[in-house]
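One structure is given below, encoded as C-alpha coordinates.
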Amino acid sequence: MQNEVIVNVNNIYKYFDDLKVLQGVSCDIKKGERVAIIGPSGSGKSTLLRCMNLLEEPTYGEVWLEGKLLTAPDPYLHFDVIRASETYGRLMAARKSEHPDESAEEADIAVIADIKKNDLLKKHEGKAYRSLLRSTEKNNRTGINLARRDMGMVFQHFNLFNNLTVMKNITLAPTELGIMSKSEAEEKAMELLEKIGLADKADAYPSTLSGGQKQRIAIVRALAMNPKVMLFDEPTSALDPEMVGEVLDLIKQVADTGMTMVIVTHEMGFAREVATRVLFMDKGNILEEGSPEELFSAPKQERTKEFLSKVL
Amino acid sequence: MEAVFNFFRKLWSDFYDCFIAHDFYSLYLRGLRNTVIIAFGACLLGLIIGIIVTCVRIAPKKLFIMRLLDKIAKIYVTVIRGTPVVLQLFICYFVLLKSINSASLFGIKDTDGIFVAILTFGINSGAYMAEILRGGINSVDYGQTEAGRSLGLSWTKTFIKIVLPQAMKSAIPTVFNEFITLIKETSVAGYVGIIDLTKIQKYVTTQSMKMYMPLFIIAAIYLIIVLGLGQVQKAIENNLSRGERNHAK
(Lines give C-alpha, C1' and ligand atoms only; values in the text may rest on other atoms or scores of the structure.)
Protein backbone atom coordinates (compact mmCIF):
# COMPACT_ATOMS: atom_id res chain seq x y z
CA MET A 1 0.00 0.00 0.00
CA GLN A 2 2.71 2.40 1.03
CA ASN A 3 4.62 1.69 -2.15
CA GLU A 4 1.78 2.80 -4.31
CA VAL A 5 1.82 6.38 -3.08
CA ILE A 6 3.59 8.59 -5.60
CA VAL A 7 3.01 12.03 -4.16
CA ASN A 8 2.44 12.52 -0.46
CA VAL A 9 1.48 15.97 0.75
CA ASN A 10 1.78 16.09 4.52
CA ASN A 11 0.07 18.87 6.44
CA ILE A 12 1.24 21.78 4.32
CA TYR A 13 0.59 25.42 5.06
CA LYS A 14 1.30 28.18 2.57
CA TYR A 15 1.29 31.83 3.57
CA PHE A 16 1.84 34.75 1.24
CA ASP A 17 2.59 37.41 3.84
CA ASP A 18 -0.73 37.68 5.69
CA LEU A 19 -2.70 35.68 3.15
CA LYS A 20 -3.18 32.11 4.31
CA VAL A 21 -3.67 30.15 1.11
CA LEU A 22 -3.25 26.60 2.40
CA GLN A 23 -4.04 25.65 5.97
CA GLY A 24 -2.86 22.19 6.77
CA VAL A 25 -3.59 20.21 3.63
CA SER A 26 -2.71 16.53 3.43
CA CYS A 27 -3.32 14.14 0.58
CA ASP A 28 -1.85 11.10 -1.10
CA ILE A 29 -1.73 10.59 -4.84
CA LYS A 30 -1.49 6.88 -5.61
CA LYS A 31 -0.09 5.27 -8.72
CA GLY A 32 -2.54 5.25 -11.60
CA GLU A 33 -4.92 7.59 -9.86
CA ARG A 34 -6.42 10.57 -11.64
CA VAL A 35 -7.24 13.19 -9.05
CA ALA A 36 -9.27 16.25 -9.97
CA ILE A 37 -9.11 19.24 -7.64
CA ILE A 38 -12.12 21.52 -7.84
CA GLY A 39 -13.30 24.49 -5.84
CA PRO A 40 -13.98 28.23 -5.99
CA SER A 41 -11.27 30.72 -7.03
CA GLY A 42 -8.86 31.54 -4.26
CA SER A 43 -9.48 28.24 -2.51
CA GLY A 44 -5.82 27.22 -2.93
CA LYS A 45 -6.22 24.56 -5.65
CA SER A 46 -3.45 25.86 -7.87
CA THR A 47 -1.20 26.58 -4.91
CA LEU A 48 -1.61 23.01 -3.69
CA LEU A 49 -0.68 21.71 -7.12
CA ARG A 50 2.29 24.06 -7.37
CA CYS A 51 3.43 22.99 -3.92
CA MET A 52 3.60 19.39 -5.15
CA ASN A 53 6.57 20.18 -7.41
CA LEU A 54 7.75 23.04 -5.22
CA LEU A 55 7.13 25.86 -7.67
CA GLU A 56 5.71 27.27 -4.44
CA GLU A 57 7.61 26.30 -1.34
CA PRO A 58 5.22 25.39 1.48
CA THR A 59 5.64 27.56 4.57
CA TYR A 60 5.22 24.49 6.81
CA GLY A 61 4.72 20.83 6.10
CA GLU A 62 6.35 18.29 3.85
CA VAL A 63 5.98 17.03 0.30
CA TRP A 64 7.22 13.54 -0.58
CA LEU A 65 7.70 11.98 -4.00
CA GLU A 66 8.01 8.19 -3.99
CA GLY A 67 9.44 8.13 -0.49
CA LYS A 68 11.85 10.98 -1.06
CA LEU A 69 11.46 14.26 0.75
CA LEU A 70 11.28 17.36 -1.47
CA THR A 71 10.87 20.08 1.14
CA ALA A 72 13.00 20.74 4.18
CA PRO A 73 11.89 18.43 7.00
CA ASP A 74 9.19 19.90 9.20
CA PRO A 75 10.12 19.19 12.85
CA TYR A 76 6.47 19.03 13.90
CA LEU A 77 5.96 15.99 11.68
CA HIS A 78 8.75 13.93 13.26
CA PHE A 79 8.13 12.74 16.82
CA ASP A 80 11.76 11.79 17.37
CA VAL A 81 12.81 15.32 16.42
CA ILE A 82 10.28 16.84 18.79
CA ARG A 83 11.50 14.53 21.56
CA ALA A 84 15.07 15.72 21.02
CA SER A 85 14.11 19.35 21.58
CA GLU A 86 14.87 21.28 24.76
CA THR A 87 11.27 22.44 24.94
CA TYR A 88 10.11 18.80 25.08
CA GLY A 89 12.56 18.03 27.88
CA ARG A 90 11.43 21.04 29.87
CA LEU A 91 7.74 20.30 29.41
CA MET A 92 8.21 16.62 30.27
CA ALA A 93 9.92 17.55 33.53
CA ALA A 94 7.15 20.01 34.36
CA ARG A 95 4.51 17.44 33.49
CA LYS A 96 6.10 14.83 35.72
CA SER A 97 6.00 17.12 38.74
CA GLU A 98 2.41 18.16 37.99
CA HIS A 99 1.06 14.65 37.29
CA PRO A 100 3.33 12.27 39.20
CA ASP A 101 1.02 9.26 38.74
CA GLU A 102 0.92 9.52 34.92
CA SER A 103 2.75 6.92 32.84
CA ALA A 104 5.64 7.99 30.60
CA GLU A 105 3.73 7.18 27.40
CA GLU A 106 0.74 9.26 28.39
CA ALA A 107 2.94 12.20 29.34
CA ASP A 108 4.79 11.89 26.03
CA ILE A 109 1.58 11.99 24.01
CA ALA A 110 0.19 14.92 25.96
CA VAL A 111 3.39 16.96 25.69
CA ILE A 112 3.81 16.35 21.96
CA ALA A 113 0.18 17.28 21.37
CA ASP A 114 0.72 20.45 23.38
CA ILE A 115 3.84 21.38 21.42
CA LYS A 116 2.11 20.77 18.09
CA LYS A 117 -1.02 22.59 19.04
CA ASN A 118 0.66 25.69 20.40
CA ASP A 119 3.60 25.83 18.00
CA LEU A 120 6.11 25.75 20.84
CA LEU A 121 9.30 24.75 19.02
CA LYS A 122 11.77 27.59 18.81
CA LYS A 123 14.48 28.27 16.27
CA HIS A 124 17.19 26.94 18.56
CA GLU A 125 16.39 23.78 20.45
CA GLY A 126 19.81 22.44 21.31
CA LYS A 127 22.43 20.26 19.68
CA ALA A 128 20.62 16.91 19.71
CA TYR A 129 17.57 18.45 18.07
CA ARG A 130 19.62 20.17 15.43
CA SER A 131 21.67 17.12 14.50
CA LEU A 132 18.58 14.88 14.37
CA LEU A 133 16.78 17.36 12.12
CA ARG A 134 19.85 17.50 9.92
CA SER A 135 20.20 13.74 9.64
CA THR A 136 16.47 13.43 8.88
CA GLU A 137 17.04 15.81 6.01
CA LYS A 138 20.19 14.06 4.85
CA ASN A 139 18.60 10.60 4.87
CA ASN A 140 15.41 11.55 3.06
CA ARG A 141 15.75 14.66 1.01
CA THR A 142 16.40 14.63 -2.71
CA GLY A 143 17.44 17.42 -5.07
CA ILE A 144 14.42 19.26 -6.39
CA ASN A 145 15.73 19.40 -9.97
CA LEU A 146 16.07 15.63 -9.96
CA ALA A 147 12.58 15.16 -8.53
CA ARG A 148 10.96 17.52 -11.02
CA ARG A 149 12.05 15.27 -13.90
CA ASP A 150 9.47 12.80 -12.66
CA MET A 151 6.67 15.37 -12.40
CA GLY A 152 5.41 16.84 -15.65
CA MET A 153 3.61 20.16 -15.29
CA VAL A 154 1.14 21.78 -17.65
CA PHE A 155 0.33 25.44 -17.06
CA GLN A 156 -2.76 27.53 -17.62
CA HIS A 157 -0.82 29.87 -19.90
CA PHE A 158 1.09 27.10 -21.73
CA ASN A 159 4.50 28.73 -21.10
CA LEU A 160 6.09 27.32 -24.22
CA PHE A 161 9.61 28.70 -24.65
CA ASN A 162 9.07 31.60 -27.05
CA ASN A 163 12.65 31.65 -28.30
CA LEU A 164 12.69 28.01 -29.40
CA THR A 165 10.94 26.02 -32.09
CA VAL A 166 8.33 23.44 -31.19
CA MET A 167 10.90 20.68 -31.65
CA LYS A 168 13.47 22.41 -29.44
CA ASN A 169 10.78 23.10 -26.85
CA ILE A 170 10.22 19.38 -26.51
CA THR A 171 13.82 18.20 -26.76
CA LEU A 172 15.52 20.90 -24.65
CA ALA A 173 15.07 19.34 -21.23
CA PRO A 174 15.77 15.67 -22.15
CA THR A 175 18.96 16.60 -24.02
CA GLU A 176 20.20 19.26 -21.61
CA LEU A 177 19.75 16.91 -18.68
CA GLY A 178 21.51 14.10 -20.49
CA ILE A 179 18.53 11.76 -20.33
CA MET A 180 18.44 11.22 -24.08
CA SER A 181 20.78 11.89 -26.97
CA LYS A 182 19.72 14.55 -29.44
CA SER A 183 18.57 12.06 -32.07
CA GLU A 184 16.70 9.96 -29.52
CA ALA A 185 14.92 13.02 -28.17
CA GLU A 186 14.01 14.22 -31.64
CA GLU A 187 12.69 10.83 -32.60
CA LYS A 188 10.56 10.68 -29.48
CA ALA A 189 9.35 14.26 -30.00
CA MET A 190 8.41 13.52 -33.61
CA GLU A 191 6.53 10.41 -32.56
CA LEU A 192 4.56 12.39 -29.97
CA LEU A 193 3.92 15.24 -32.40
CA GLU A 194 2.60 12.80 -34.98
CA LYS A 195 0.27 11.38 -32.38
CA ILE A 196 -1.31 14.79 -31.84
CA GLY A 197 -1.22 15.63 -35.55
CA LEU A 198 1.18 18.54 -35.26
CA ALA A 199 4.27 17.01 -36.87
CA ASP A 200 4.22 19.71 -39.55
CA LYS A 201 4.68 22.36 -36.85
CA ALA A 202 7.98 20.95 -35.60
CA ASP A 203 9.99 23.89 -36.93
CA ALA A 204 7.41 26.55 -36.12
CA TYR A 205 7.78 29.03 -33.29
CA PRO A 206 5.13 29.16 -30.55
CA SER A 207 3.99 32.64 -31.55
CA THR A 208 2.57 31.21 -34.77
CA LEU A 209 0.38 28.60 -33.07
CA SER A 210 -3.17 28.71 -31.74
CA GLY A 211 -3.86 28.35 -28.03
CA GLY A 212 -5.05 24.79 -28.39
CA GLN A 213 -1.97 23.80 -30.36
CA LYS A 214 0.29 25.48 -27.79
CA GLN A 215 -1.32 23.65 -24.92
CA ARG A 216 -1.16 20.29 -26.68
CA ILE A 217 2.52 20.86 -27.37
CA ALA A 218 3.05 21.85 -23.73
CA ILE A 219 1.51 18.53 -22.72
CA VAL A 220 3.77 16.69 -25.15
CA ARG A 221 6.77 18.60 -23.81
CA ALA A 222 6.00 17.34 -20.32
CA LEU A 223 5.36 13.79 -21.57
CA ALA A 224 8.70 13.70 -23.37
CA MET A 225 10.41 13.50 -19.98
CA ASN A 226 8.59 10.21 -19.23
CA PRO A 227 7.23 11.57 -15.95
CA LYS A 228 5.68 9.41 -13.25
CA VAL A 229 2.98 11.93 -12.52
CA MET A 230 1.46 14.75 -14.55
CA LEU A 231 0.24 17.94 -12.90
CA PHE A 232 -2.30 20.01 -14.83
CA ASP A 233 -2.92 23.55 -13.64
CA GLU A 234 -6.22 24.67 -15.19
CA PRO A 235 -5.09 23.48 -18.64
CA THR A 236 -8.13 24.82 -20.50
CA SER A 237 -8.91 28.04 -18.63
CA ALA A 238 -6.98 30.31 -21.02
CA LEU A 239 -8.37 28.73 -24.20
CA ASP A 240 -11.05 29.80 -26.62
CA PRO A 241 -14.12 27.61 -26.11
CA GLU A 242 -13.71 25.88 -29.45
CA MET A 243 -10.19 24.76 -28.54
CA VAL A 244 -11.04 23.29 -25.16
CA GLY A 245 -12.20 20.04 -26.74
CA GLU A 246 -8.94 19.17 -28.49
CA VAL A 247 -6.93 19.71 -25.29
CA LEU A 248 -9.33 17.71 -23.14
CA ASP A 249 -9.25 14.91 -25.71
CA LEU A 250 -5.49 14.76 -25.48
CA ILE A 251 -5.60 14.70 -21.68
CA LYS A 252 -8.08 11.82 -21.89
CA GLN A 253 -5.70 9.98 -24.20
CA VAL A 254 -2.91 10.48 -21.68
CA ALA A 255 -5.25 9.23 -18.97
CA ASP A 256 -5.93 6.08 -20.98
CA THR A 257 -2.23 5.21 -20.90
CA GLY A 258 -2.53 4.79 -17.14
CA MET A 259 -0.62 7.95 -16.27
CA THR A 260 -0.98 9.21 -12.72
CA MET A 261 -2.49 12.67 -12.94
CA VAL A 262 -3.51 15.58 -10.76
CA ILE A 263 -5.77 18.06 -12.50
CA VAL A 264 -6.92 21.41 -11.21
CA THR A 265 -9.91 22.26 -13.34
CA HIS A 266 -13.13 24.21 -13.70
CA GLU A 267 -14.45 21.73 -16.27
CA MET A 268 -16.81 19.74 -14.05
CA GLY A 269 -18.00 17.44 -16.81
CA PHE A 270 -14.42 16.57 -17.66
CA ALA A 271 -13.50 16.01 -14.00
CA ARG A 272 -16.46 13.69 -13.62
CA GLU A 273 -15.57 11.72 -16.72
CA VAL A 274 -11.81 11.37 -16.29
CA ALA A 275 -11.06 11.53 -12.58
CA THR A 276 -10.96 8.51 -10.30
CA ARG A 277 -11.13 10.77 -7.25
CA VAL A 278 -12.25 14.36 -6.76
CA LEU A 279 -11.06 16.75 -4.07
CA PHE A 280 -13.18 19.76 -3.23
CA MET A 281 -11.20 22.63 -1.75
CA ASP A 282 -12.38 25.77 -0.01
CA LYS A 283 -10.47 28.40 1.95
CA GLY A 284 -7.21 26.51 1.97
CA ASN A 285 -8.60 23.16 3.10
CA ILE A 286 -9.77 19.98 1.45
CA LEU A 287 -13.41 20.01 2.52
CA GLU A 288 -14.58 16.86 0.85
CA GLU A 289 -13.21 14.08 -1.27
CA GLY A 290 -14.60 11.04 -2.96
CA SER A 291 -15.30 9.33 -6.23
CA PRO A 292 -16.79 11.58 -8.93
CA GLU A 293 -20.20 9.89 -8.56
CA GLU A 294 -20.27 10.46 -4.82
CA LEU A 295 -19.07 14.01 -4.91
CA PHE A 296 -21.09 15.28 -7.85
CA SER A 297 -24.32 13.38 -7.21
CA ALA A 298 -24.44 13.28 -3.44
CA PRO A 299 -22.15 15.88 -1.88
CA LYS A 300 -22.10 15.70 1.90
CA GLN A 301 -20.91 19.16 2.82
CA GLU A 302 -23.20 22.20 2.59
CA ARG A 303 -20.41 24.25 0.97
CA THR A 304 -19.85 21.61 -1.72
CA LYS A 305 -23.55 21.55 -2.55
CA GLU A 306 -23.61 25.33 -2.80
CA PHE A 307 -20.57 25.40 -5.08
CA LEU A 308 -21.84 22.62 -7.34
CA SER A 309 -25.27 24.19 -7.65
CA LYS A 310 -23.59 27.30 -8.99
CA VAL A 311 -21.29 25.66 -11.53
CA LEU A 312 -23.26 22.69 -12.78
CA MET B 1 23.26 82.61 -58.55
CA GLU B 2 26.46 84.46 -57.91
CA ALA B 3 25.61 84.69 -54.22
CA VAL B 4 25.00 80.97 -53.89
CA PHE B 5 28.22 80.20 -55.70
CA ASN B 6 30.14 82.56 -53.42
CA PHE B 7 28.55 80.98 -50.35
CA PHE B 8 29.74 77.53 -51.31
CA ARG B 9 33.19 78.80 -52.24
CA LYS B 10 33.44 80.45 -48.83
CA LEU B 11 32.25 77.26 -47.20
CA TRP B 12 34.88 75.20 -49.00
CA SER B 13 37.68 77.62 -48.18
CA ASP B 14 36.64 77.62 -44.51
CA PHE B 15 36.56 73.85 -44.54
CA TYR B 16 39.98 73.79 -46.15
CA ASP B 17 41.36 76.20 -43.53
CA CYS B 18 39.91 74.19 -40.68
CA PHE B 19 40.49 70.66 -41.85
CA ILE B 20 43.18 70.30 -44.47
CA ALA B 21 45.50 73.30 -43.95
CA HIS B 22 48.27 72.92 -41.37
CA ASP B 23 47.54 69.17 -41.24
CA PHE B 24 44.57 69.90 -38.99
CA TYR B 25 42.99 66.59 -40.01
CA SER B 26 45.67 64.75 -38.08
CA LEU B 27 44.59 66.72 -35.00
CA TYR B 28 40.99 65.59 -35.54
CA LEU B 29 42.21 62.05 -35.99
CA ARG B 30 44.11 62.24 -32.73
CA GLY B 31 41.01 63.49 -30.95
CA LEU B 32 38.89 60.88 -32.66
CA ARG B 33 41.32 58.17 -31.62
CA ASN B 34 41.08 59.19 -27.97
CA THR B 35 37.29 59.52 -28.11
CA VAL B 36 36.96 56.09 -29.69
CA ILE B 37 39.33 54.51 -27.16
CA ILE B 38 37.45 56.05 -24.24
CA ALA B 39 34.01 55.29 -25.66
CA PHE B 40 34.83 51.73 -26.68
CA GLY B 41 36.60 50.96 -23.41
CA ALA B 42 33.79 52.50 -21.39
CA CYS B 43 31.09 50.63 -23.34
CA LEU B 44 32.91 47.37 -22.76
CA LEU B 45 33.58 48.05 -19.09
CA GLY B 46 30.01 49.30 -18.63
CA LEU B 47 28.60 46.17 -20.24
CA ILE B 48 30.75 43.90 -18.05
CA ILE B 49 29.85 45.79 -14.87
CA GLY B 50 26.22 45.88 -15.97
CA ILE B 51 26.11 42.10 -16.51
CA ILE B 52 27.77 41.40 -13.15
CA VAL B 53 25.47 43.79 -11.27
CA THR B 54 22.42 42.37 -13.04
CA CYS B 55 23.41 38.82 -12.14
CA VAL B 56 23.77 39.88 -8.51
CA ARG B 57 20.40 41.63 -8.58
CA ILE B 58 18.38 38.79 -10.09
CA ALA B 59 20.09 35.71 -8.63
CA PRO B 60 18.17 33.81 -5.92
CA LYS B 61 18.67 35.43 -2.52
CA LYS B 62 18.98 32.37 -0.35
CA LEU B 63 22.50 33.03 0.93
CA PHE B 64 23.43 35.96 3.13
CA ILE B 65 26.33 36.89 0.86
CA MET B 66 23.92 37.24 -2.08
CA ARG B 67 21.67 39.55 -0.08
CA LEU B 68 24.70 41.64 0.94
CA LEU B 69 25.94 41.89 -2.65
CA ASP B 70 22.44 42.85 -3.73
CA LYS B 71 22.42 45.73 -1.23
CA ILE B 72 25.82 46.92 -2.46
CA ALA B 73 24.66 46.72 -6.08
CA LYS B 74 21.56 48.78 -5.22
CA ILE B 75 23.67 51.47 -3.55
CA TYR B 76 26.04 51.54 -6.51
CA VAL B 77 23.23 52.06 -8.99
CA THR B 78 21.57 54.72 -6.83
CA VAL B 79 24.73 56.76 -6.26
CA ILE B 80 25.99 56.60 -9.85
CA ARG B 81 22.64 57.44 -11.38
CA GLY B 82 22.04 60.17 -8.83
CA THR B 83 25.14 62.25 -9.56
CA PRO B 84 26.30 64.03 -12.75
CA VAL B 85 28.92 62.25 -14.82
CA VAL B 86 31.11 65.39 -14.95
CA LEU B 87 31.32 65.40 -11.17
CA GLN B 88 32.17 61.70 -11.18
CA LEU B 89 34.93 62.46 -13.68
CA PHE B 90 36.28 65.26 -11.47
CA ILE B 91 36.18 63.03 -8.41
CA CYS B 92 37.95 60.21 -10.22
CA TYR B 93 40.55 62.48 -11.74
CA PHE B 94 41.30 65.02 -9.03
CA VAL B 95 40.59 62.98 -5.91
CA LEU B 96 41.12 59.30 -6.64
CA LEU B 97 43.88 59.52 -9.24
CA LYS B 98 45.86 62.05 -7.19
CA SER B 99 45.59 60.04 -4.01
CA ILE B 100 46.53 56.85 -5.83
CA ASN B 101 49.47 58.72 -7.32
CA SER B 102 50.65 59.97 -3.97
CA ALA B 103 50.57 56.41 -2.73
CA SER B 104 52.37 55.55 -5.98
CA LEU B 105 50.15 52.55 -6.62
CA PHE B 106 49.81 50.99 -10.04
CA GLY B 107 52.36 53.49 -11.37
CA ILE B 108 49.70 55.71 -12.88
CA LYS B 109 51.05 58.98 -14.23
CA ASP B 110 49.31 62.32 -13.87
CA THR B 111 48.82 62.42 -17.60
CA ASP B 112 47.03 59.10 -17.69
CA GLY B 113 43.70 60.82 -18.15
CA ILE B 114 42.39 58.36 -20.70
CA PHE B 115 42.58 55.50 -18.25
CA VAL B 116 40.63 57.54 -15.70
CA ALA B 117 38.08 58.50 -18.33
CA ILE B 118 37.49 54.87 -19.35
CA LEU B 119 37.11 53.94 -15.72
CA THR B 120 34.72 56.78 -14.92
CA PHE B 121 32.51 56.44 -17.96
CA GLY B 122 32.60 52.65 -17.65
CA ILE B 123 31.51 52.73 -14.02
CA ASN B 124 28.88 55.33 -14.84
CA SER B 125 27.54 53.38 -17.78
CA GLY B 126 27.57 50.14 -15.78
CA ALA B 127 24.85 51.47 -13.49
CA TYR B 128 22.58 52.36 -16.38
CA MET B 129 23.42 49.14 -18.18
CA ALA B 130 22.51 47.13 -15.09
CA GLU B 131 19.06 48.71 -14.99
CA ILE B 132 18.58 48.21 -18.72
CA LEU B 133 19.52 44.53 -18.56
CA ARG B 134 17.39 43.99 -15.46
CA GLY B 135 14.48 45.58 -17.29
CA GLY B 136 15.06 43.24 -20.22
CA ILE B 137 15.12 40.20 -17.96
CA ASN B 138 12.04 41.32 -16.05
CA SER B 139 10.20 41.76 -19.33
CA VAL B 140 10.39 37.99 -19.85
CA ASP B 141 7.28 36.35 -18.41
CA TYR B 142 8.02 34.48 -15.18
CA GLY B 143 6.09 31.54 -16.60
CA GLN B 144 9.07 30.87 -18.88
CA THR B 145 11.28 30.32 -15.84
CA GLU B 146 8.63 28.19 -14.14
CA ALA B 147 8.23 26.03 -17.23
CA GLY B 148 11.99 25.46 -17.41
CA ARG B 149 12.24 24.68 -13.72
CA SER B 150 9.23 22.35 -13.83
CA LEU B 151 11.07 20.22 -16.40
CA GLY B 152 13.96 19.75 -14.00
CA LEU B 153 16.32 22.32 -15.50
CA SER B 154 18.39 24.22 -12.96
CA TRP B 155 17.87 27.93 -12.40
CA THR B 156 21.13 28.72 -14.21
CA LYS B 157 20.33 26.53 -17.21
CA THR B 158 16.82 27.95 -17.49
CA PHE B 159 18.24 31.44 -17.28
CA ILE B 160 20.88 30.90 -19.96
CA LYS B 161 18.80 28.86 -22.40
CA ILE B 162 15.39 30.47 -22.03
CA VAL B 163 15.34 33.81 -20.25
CA LEU B 164 18.55 35.44 -21.45
CA PRO B 165 17.94 35.06 -25.21
CA GLN B 166 14.49 36.61 -24.82
CA ALA B 167 15.77 39.35 -22.52
CA MET B 168 18.56 40.24 -24.95
CA LYS B 169 16.10 40.71 -27.74
CA SER B 170 14.01 43.20 -25.84
CA ALA B 171 17.02 44.96 -24.29
CA ILE B 172 19.11 45.49 -27.45
CA PRO B 173 17.51 48.82 -28.54
CA THR B 174 17.98 50.32 -25.08
CA VAL B 175 21.51 48.95 -24.77
CA PHE B 176 22.47 50.65 -28.01
CA ASN B 177 20.74 53.81 -26.88
CA GLU B 178 23.02 53.73 -23.85
CA PHE B 179 26.09 53.17 -26.07
CA ILE B 180 25.13 56.19 -28.18
CA THR B 181 24.55 58.37 -25.13
CA LEU B 182 27.87 57.23 -23.71
CA ILE B 183 29.83 58.08 -26.86
CA LYS B 184 28.47 61.61 -26.83
CA GLU B 185 28.90 61.90 -23.06
CA THR B 186 32.64 61.32 -23.40
CA SER B 187 32.80 64.83 -24.86
CA VAL B 188 33.12 66.17 -21.31
CA ALA B 189 36.46 64.40 -20.95
CA GLY B 190 38.13 67.65 -22.04
CA TYR B 191 37.26 69.10 -18.62
CA VAL B 192 40.13 67.16 -17.09
CA GLY B 193 42.56 67.91 -19.89
CA ILE B 194 42.06 64.86 -22.09
CA ILE B 195 42.50 65.62 -25.77
CA ASP B 196 39.28 64.16 -27.12
CA LEU B 197 37.40 65.06 -30.28
CA THR B 198 35.50 67.97 -28.73
CA LYS B 199 38.65 69.45 -27.24
CA ILE B 200 40.21 69.66 -30.73
CA GLN B 201 37.76 72.43 -31.59
CA LYS B 202 39.59 74.82 -29.26
CA TYR B 203 42.96 74.25 -30.95
CA VAL B 204 41.66 74.52 -34.47
CA THR B 205 39.61 77.62 -33.72
CA THR B 206 42.51 79.47 -32.12
CA GLN B 207 44.82 78.65 -34.99
CA SER B 208 42.49 79.06 -37.95
CA MET B 209 40.49 81.96 -36.47
CA LYS B 210 37.32 80.28 -37.73
CA MET B 211 34.60 79.91 -35.13
CA TYR B 212 31.82 77.79 -36.61
CA MET B 213 33.48 75.37 -39.04
CA PRO B 214 35.35 73.17 -36.52
CA LEU B 215 32.14 72.80 -34.53
CA PHE B 216 30.26 71.49 -37.54
CA ILE B 217 33.10 69.21 -38.54
CA ILE B 218 33.19 67.66 -35.09
CA ALA B 219 29.41 67.37 -34.98
CA ALA B 220 29.52 65.55 -38.31
CA ILE B 221 32.15 63.11 -37.03
CA TYR B 222 30.03 62.25 -33.97
CA LEU B 223 27.01 61.82 -36.21
CA ILE B 224 28.90 59.42 -38.48
CA ILE B 225 29.99 57.30 -35.51
CA VAL B 226 26.45 57.11 -34.18
CA LEU B 227 25.03 56.27 -37.61
CA GLY B 228 27.57 53.45 -37.90
CA LEU B 229 26.53 52.15 -34.51
CA GLY B 230 22.91 52.28 -35.63
CA GLN B 231 23.77 49.97 -38.51
CA VAL B 232 25.40 47.50 -36.13
CA GLN B 233 22.26 47.57 -33.98
CA LYS B 234 20.08 46.92 -37.01
CA ALA B 235 22.19 43.94 -38.04
CA ILE B 236 22.04 42.42 -34.55
CA GLU B 237 18.29 42.95 -34.28
CA ASN B 238 17.70 41.35 -37.66
CA ASN B 239 19.82 38.43 -36.62
CA LEU B 240 17.94 37.94 -33.34
CA SER B 241 14.46 38.10 -34.85
CA ARG B 242 15.32 35.90 -37.80
CA GLY B 243 13.90 32.90 -35.98
CA GLU B 244 10.44 34.32 -35.75
CA ARG B 245 10.00 35.13 -39.38
CA ASN B 246 10.96 31.95 -41.17
CA HIS B 247 8.59 29.73 -39.26
CA ALA B 248 7.37 26.48 -40.81
CA LYS B 249 10.01 26.06 -43.47
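The table below lists the values:
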| quantity | calculated |
| --- | --- |
| Threshold 30 Å², segment B:137-165 residues less accessible with all protein chains present than alone (1.4 Å probe) | B:Q144, B:E146, B:A147, B:R149, B:S150, B:L151, B:G152, B:L153, B:K157, B:K161, B:I162 |
| At least 30 Å² of accessible area lost relative to the chain alone, listed for segment A:138-162 with a 1.4 Å probe | A:N145, A:R148, A:F155, A:N159, A:F161, A:N162 |
| Trypsin sites (Lys or Arg not before Pro) restricted to segment A:216-312 and DSSP loop, no more than 13 other C-beta within 10 Å | A:K300 |
| Within segment A:104-168: Cβ-based charge dipole about Cα centre, in debye rounded to nearest 20 (Lys, Arg +1; Asp, Glu -1) | 560 |
| Relative contact order (%) - chain B, alpha-carbon pairs under 8 angstrom, separation at least six | 28 |
| Nearest 10 degrees, 0 to 90: helix A:127-140 Cα axis against chain A principal axis | 30 |
| Heavy-atom accessible area order for B:I236, A:I144, largest first, 1.4 Å probe | B:I236, A:I144 |
| Hull volume in cubic angstrom per residue (convex hull over the Cα atoms of chain A) | 168 |
| List A:D203, B:D17, ordered by accessible area with a 1.4 Å probe, largest first | A:D203, B:D17 |
| Segment B:26-248 - convex hull of the alpha-carbon atoms, volume per residue in Å³ | 154 |
| Per DSSP, loop GluC sites (Glu not before Pro) in segment A:78-142 with at most 16 further Cβ within 10 Å | A:E102 |
| Between segment A:38-84 and segment A:155-215, the alpha-carbon center distance in angstrom | 31 |
| Protein accessible area in chain B, 1.4 Å probe - carbon and sulfur % | 70 |
| With 20 Å bins from 0: P(r) over the protein assembly as shown, alpha-carbon pairs, percent | 16, 36, 27, 16, 5, 0, 0 |
| Share antiparallel - DSSP beta bridges, the protein assembly as shown, percent rounded to 5 | 55 |
| Chain pair A, B: total accessible area buried, heavy atoms, 1.4 Å probe, Å² | 2200 |
| Three-way shape call for segment A:87-195 based on the alpha-carbon gyration tensor, with the a/c threshold at 1.5 | prolate |
| Accessible-area order (highest first, 1.4 angstrom probe) of the listed residues B:V79, B:V192 | B:V79, B:V192 |
| Of the DSSP H helices in chain B, those whose Cα atoms cover at least 18 Å axially and whose Kyte score averages -0.5 or more | B:2-15, B:24-58, B:64-81, B:113-138, B:164-185, B:212-245 |
| Surface accessible to a 1.4 Å probe, per residue, for the residues of segment B:26-248, Å² | 52 |
| Accessible-area value, A:Y205, 1.4 Å probe, nucleic acids and ligands omitted, Å² | 40 |
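The values are calculated or read from the model by the stated rules, or taken from the named source; none is laboratory data. Bear in mind the structure is a predicted one, so any value in this text is a computation, not a measurement. In this analysis, Cβ positions are derived from the backbone assuming ideal geometry, glycine residues included, and neighbour counts consider all displayed protein chains. For the accessible areas, the whole protein counts, side chains as well, though only heavy atoms, and no ligand, DNA or RNA atoms are used. Shrake-Rupley method; radii C 1.70, N 1.55, O 1.52, S 1.80 Å.
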